[in-house]
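In what follows, a structure is listed as structure tokens, so that the remarks can point back to it.
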Amino acid sequence: MATPYNLAVNHDCNKCTNRAARPFCNLEAKPVAALDAMKFTSIHAKGALLFVEGEEPRSVYVLCSGRAKLTMSSSDGRTLIIRIAEPGEILGATAAVIGQPYEMSAETIEPCQVNVIKREHFLEFLRQFPEASMRLAHQLSENCAAAHRDIRALGLSQTATEKMARLLLDWCDNGGVQVQNGVRLKVLLTHEEIAQMIGATRETVTRVFSEFKSRKLIEVKGSTVLISNPPGLQQMVTV
């Protein structure tokens with residue numbers, strides 16, 4: 001079924017062709033049927049808030065398609081993008097399991113299909129199906145390991161140029177498309193949002209992008225970035 005956002009919506013998890021590539025979703029028929037019975041599907045445009053930092057965790061959100069940015073904010077209004085969530089991830093699970101407010105906000109950066117499960121139903125599902133608990137633990141462990149890598153990179157990188165080079169290389173490894181003249185990326189974030197990811201200013205991000213273009217490391221056309229010289233970027237990374 002099509003939507004106003006040109007998404008092909010799938011309401012039946014058993015018929016999802018992407019399940020095999022998504023550890024939590026790729027369960028046996030019985031737990032998938034149980035999951036189907038307790039969730040409801042919602043469609044969101046770009047810029048929709050799924051949940052907000054500090055709210056009580058009433059639900060968890062399975063990101064079926066599209067991507068979302070996970071952010072934290074300071075009392076003076078500054079925002080840090082923690083990471084970009086990809087299809088197949090469960091959002092809000094940490095808060096739901098430990099019973100504390102959401103530790104971050106989730107906002108879609110493109111049209112998304114989301115399966116929403118009430119917290120009490122999700123916790124009962126984990127108690128009923130231990131395999132699902134292990135799959136969730138695996139995802140949360142991967143998120144923790146990725147956070148450790150990001151902290152190391154941000155804390156030990158010497159310059160914004162190095163941080164930007166590392167970010168682009170990470171995107172190449174996670175979602176980049178190898179083409180004849182390099183690696184093609186679809187970048188849906190603004191320069192301001194990229195700055196929020198690497199702890200810099202928008203002006204700095206714009207300057208570094210211009211520097212990379214002048215050095216023939218990247219080419220930019222709209223939201224498409226071609227990494228034409230990955231080894232050149234790699235030489236900038238020291239940690």
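Bear in mind that the values in this text are calculations on the coordinates, not laboratory data. Since this is a predicted model, take the numbers as computed values, not measurements. Cβ atoms come from the backbone with ideal geometry, glycine included; neighbour counts cover every protein chain shown.
Counting only lysines at least 8 places from K30 when in the same chain, those with an alpha carbon closer than 29 Å to its own are K15, K39, K118.
Output the peptides 30-41, 115-126 sorted from most to least packed, where packing is the average of other Cβ atoms within 10 Å over each peptide's residues. Please report the intermediate quantities before stating the final value.
Numbers: 30-41: 15.9, 115-126: 17.8.
Result, highest mean first: 115-126, 30-41.
Find out how many positive minus negative residues lie around T224, taking Lys and Arg as positive, Asp and Glu as negative, among other residues whose Cβ is under 15 Å from that of T224. Its environment carries a net charge of +2. Given the pairs K163/K216; K163/K213; K46/K163; K186/K221; K163/K221; K186/K216, which are separated by over 20 angstrom at their Cα positions? Those over the limit are K46/K163; K163/K221. With the helix formula -39500 (n - 2.57) applied to DSSP H stretches of n ≥ 4, the chain reaches a computed 222 nm mean residue ellipticity of -12000 deg cm²/dmol. Summing charges over all other residues whose Cβ lies under 13 Å from the Cβ of L63, with Lys and Arg as +1 and Asp and Glu as -1, gives +1.
Between the helical axis of 29-38 and the longest alpha-carbon principal axis of the chain there is an angle of about 90 degrees. Under the simplified labelling scheme, the S73-Q180 pair shows an inter-label distance of 4.7 nm, with each label point 7 Å from Cα along Cα→Cβ. Extension gain for T17-T201 works out to 62.2 nm (0.36 nm per residue, less the C-alpha to C-alpha distance). Going by neighbour counts of Cβ atoms within 10 Å, the residues C64, C13 line up, fewest first, as C13, C64. In terms of surrounding Cβ atoms within a 10 Å radius of their Cβ, Y102, Y61 rank from fewest to most as Y102, Y61.
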